[in-house]
Amino acid sequence: MNIFRRPHYNSEITDFIEQMRKQKPTLEAEQRAGRALLWDKHLDPESQEEFKQARVSQQAYVYQTQAK
C-alpha cells in the first residue's frame, strides 16, 4: 500500500459529464458534427494566396490622417 495514494475522487462536474454521456450516448458525435459544420473547413490554397496578394498595407497608426 502506498502512503501517498489519495482516495478516488470525482468532482461534481466530472460526475455530471459522465451522467450526461450515459443518458445521451450520441452526444460526442453530435458535438463533432457541429464542430465540423462551423470550424473544420477545407481552405483552398489558391484563394488564400489571392487574399494575401490583395491585402492593403496599413499605416502604423490607423487613425492618423494624411497631411495635404
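The values are calculated or read from the model by the stated rules, or taken from the named source; none is laboratory data. Note that the structure is predicted; figures quoted are calculated from it, not measured. A quick note on method: Cβ atoms are made from the backbone with ideal geometry, for glycine too, and the neighbour counts reach across all protein chains shown.
Does the range 37-57 hold any residues that are among the basic types (Lys, Arg) and either in contact with a Gly (Cβ under 8 Å, 6 or more places away or on another chain) or part of a loop (DSSP other than H, G, I, E, B) (or both), and which are they?
Within the range 37-57, 41, 55 qualify.
Out of the range 38-64, which residues are at pLDDT below 90 and aliphatic (A, V, I, L, M)?
The answer is 38, 43, 56, 60, 62.
Taking the range 1-28 as the region of interest, how many residues are modelled with pLDDT of 90 or more and loosely packed, with under 10 Cβ neighbours inside 10 Å?
Matching residues across the range 1-28 total 7.
For the range 31-52, which residues satisfy the criterion of being among the aliphatic types (A, V, I, L, M), within 12 Å of the chain's Cα centre (by Cα) and surrounded by fewer than 10 Cβ atoms within 10 Å (Cβ to Cβ)?
Within the range 31-52, just 38 meets the criteria.
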